[in-house]
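Worksheet: the structure to be examined is printed underneath.
The values are calculated or read from the model by the stated rules, or taken from the named source; none is laboratory data. The shown structure was predicted, so the numbers you read here are calculated from the model rather than taken from an experiment. Because the Cβ atoms are built from the backbone with ideal geometry, glycine has one as well, and the counts that use them run over all protein chains shown.
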Amino acid sequence: MQINVNLNGTEQSHDVEPRLLLVHYIRDVAGETGTHWGCDTSNCGACVVWLDDVPVKSCTVLAVMADKHRVTTIEGLAVGGVLDPVQQGFMECHGLQCGFCTPGMMMTARWLLDHNPNPSELEIREALSGQLCRCTGYHNIVKSVQWAAAHPATVGAST
Amino acid sequence: MQTPRSFEYERATSVDHAIALLERLGPEARLVAGGHSLLPMMKLRLAAPEHLIDINPLVADLSYVRVEGNEVRIGAMTRHAELLASPIIAEHFAILTDAEKVIADPIVRNRGTIGGSICQADPSEDLSAAFAALKASVLIRSGTGERLISARDLHVGPYETAVGPAEMLTEVRIAIRAGSGSAYEKVERRVGDWAVAASGAWVQMSGDTVADAGIGLTALGVAHFCSPEAEAVLIGHAPTAEVIAAAGAAAASITNPPTDQRGPSDYKRHLADILTQRAITRAVARALGRN
Ligand SMILES: Cc1cc2nc3c(=O)[nH]c(=O)nc-3n(C[C@H](O)[C@H](O)[C@H](O)COP(=O)(O)OP(=O)(O)OC[C@H]3O[C@@H](n4cnc5c(N)ncnc54)[C@H](O)[C@@H]3O)c2cc1C
Ligand code: FES
Ligand code: FES
């Protein structure tokens, strides 16, 4: 089936099987491998992308469901070579180790800050609670999001 | 990598179109809403429909929470996150706000729908218990018309509902009743997980007396997700500690929870008792305006 997806601002057109999951479409068909795929049970959140500006687990959405919709992935966060404050925050606060969970964490964190620019620690932990990190113990991820909240963007995906 | 079996994909443009597709494609066709129960089952090949009918295009028509007359109506395609954020729900049915806070995780709640949740009829599903406690009704549409049935009767058994193969659930309706309050209590092993056990209570007070009550239970092996036995203990009595304890015991007595990785049966039965007592206590406090 022919689908047209606006991926990070670029119109993409591909012929796909209806059973293709959005995460595999993004990685294997569109070739944007920043989005990760970590489980078969919709639990880990490594695959989080925005579908029409709402974070979803792309392993639990069909690629055909994104036909004529907008998808934003980690590749869409930095604008004009300038890192989003969330990305900068993860660097400043050592918010990643292996980096596997990071793209999903960042997509959710950016969405949180767009809707709640000054979240409490509890609100940050709640927002990220559908996503697993096996390395950091979450502490530095929370600090990275707090850093981003304290250093809002002048440019970025949200502006 | 787990991949669903091949299927044909159709996109519904209206409720009538979805039903016409179900009629034309037959019993091997399934609706897909949020897909957060169906797609994981298809990945595991526990489900292998030949046709999927995507009803996400119906969001414009079927995603709403609104007051009509003396009831609240919730569209089937309303996502969990929207129910959680709804001020109408928070004002009238705190049990649903309580429940939505602990259903799955925020990302799953962005996609999963109310209709999909109750039509999945997972024996551990939370909203089924909450709607049973509220004595809600559901509207089911077919090619020939609509019928309104009680949310309790929607559930025929585990993963089985009264929705026929060429029917679609379109709305949930809940009466707004003066002097009532409700609450939901769930124990989960980790954030975002399905319930070890959960209980929801709705009470309508008349002075110091419980005039009407609903008790919903999930993950406890109870038919229709409710306990009329516990309701009978409450109705017509003042909700004293003794009466509430008796209602908790009555609820626990009808449970038949499986021993599984979430815990042994007797532990879950104990939870049924305690969580029912807590839910009733909070529901009464809310009904009386003492939060
Ligand atoms: C990681 C994870 C954790 C979860 N944790 C919980 C939890 O703690 N508590 C809980 O209650 N749920 C939980 N869920 C389930 C979640 O709430 C699902 O999103 C929801 O149950 C199914 O809704 P859906 O819209 O995704 O339905 P779908 O998967 O699209 O559909 C489910 C079934 O309902 C049918 N259907 C859908 N819509 C209609 C309709 N309008 N009329 C008739 N039939 C219809 C479909 O054909 C299918 O058979 C969890 C899910 C995941 C992935
Ligand atoms: S890959 Fe694990 S939730 Fe999507
Ligand atoms: S940094 Fe390794 S999983 Fe999170």
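Could you check segment B:107-128 and list, in sequence order, the residues that are small (Gly, Ala, Ser) and either within 19 Å of A:Thr41 (Cα to Cα) or free of Cβ contacts under 8 Å to residues at least 60 places away in the same chain (or both)? B:Gly112, B:Gly116, B:Ser117, B:Ala121, B:Ser124, listed by residue number.
Taken over segment B:250-270, the criterion of being within 21 Å of the chain's Cα centre (by Cα) and within 22 Å of B:Ile235 (Cα to Cα) is satisfied by B:Ala251, B:Ala252, B:Ile254, B:Thr255.
A single entry from B:Pro4, B:Pro40 fulfils the requirement of being part of a helix (DSSP H, G or I) and at the interface with another protein chain (Cβ under 10 Å from one of its Cβ atoms): B:Pro40. Between B:Thr3, B:Thr13, B:Thr78, B:Thr97, the distinction of being within 16 Å of ligand 2 (Cβ to nearest atom) and either of a type in the set (Ser, Thr, Tyr) or assigned by TED's automatic domain parsing to the domain that holds B:Gly116 (or both) belongs to B:Thr3 only.
Taken over segment B:193-204, the criterion of being farther than 18 Å from B:Pro123 by Cβ and either surrounded by fewer than 22 Cβ atoms within 10 Å (Cβ to Cβ) or within 14 Å of chain A (Cβ to nearest Cβ) (or both) is satisfied by B:Gln204 alone. Specify the residue that is nearest to the other protein chains (Cβ to nearest Cβ); the eligible residues are those in segment B:43-53 that are more than 16 Å from ligand 2 (Cβ to nearest atom) and buried (at least 21 other Cβ atoms within 10 Å of the Cβ). Across segment B:43-53, the extreme among qualifying residues is B:Leu52.
In segment B:61-88, the qualifying residues are those that are in a helix (DSSP H, G or I) and in contact with a strand residue (DSSP E or B) (Cβ under 6 Å, 6 or more places away or on another chain), and the one that is surrounded by the most Cβ atoms within 10 Å (Cβ to Cβ) is B:Leu62. Could you go through segment A:2-25 and let me know if any residue there is more than 21 Å from B:Ser6 (Cα to Cα), crowded, with 23+ Cβ neighbours inside 10 Å and within 12 Å of the chain's Cα centre (by Cα). Within segment A:2-25 (the criterion being more than 21 Å from B:Ser6 (Cα to Cα), crowded, with 23+ Cβ neighbours inside 10 Å and within 12 Å of the chain's Cα centre (by Cα)), the answer is no, since none of the residues qualifies.
Listed here are the residues, each with its yes/no results for (1) free of Cβ contacts under 8 Å to residues at least 40 places away in the same chain; (2) within 16 Å of ligand 3 (Cβ to nearest atom); (3) touching a strand residue (DSSP E or B) at 6+ places or on another chain (Cβ under 7 Å).
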| position | (1), (2), (3) |
| --- | --- |
| A:Cys47 | no, yes, yes |
| A:Asp52 | yes, no, yes |
| A:Ala66 | no, no, yes |
| A:Glu92 | no, yes, no |
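Candidates B:Arg190, B:Arg173: the one that is of a type in the set (D, E, K, R), surrounded by fewer than 19 Cβ atoms within 10 Å (Cβ to Cβ) and modelled with pLDDT under 95 is B:Arg190. Cβ-Cβ distances below 8 Å connect the following pairs, each with a first residue in segment A:120-134 that is acidic (Asp, Glu), a second residue that is more than 15 Å from ligand 1 (Cβ to nearest atom), and a separation of six or more residues or different chains: A:Glu121/A:Val142; A:Glu121/A:Gln146; A:Glu123/A:Leu112; A:Glu123/A:Asn116.
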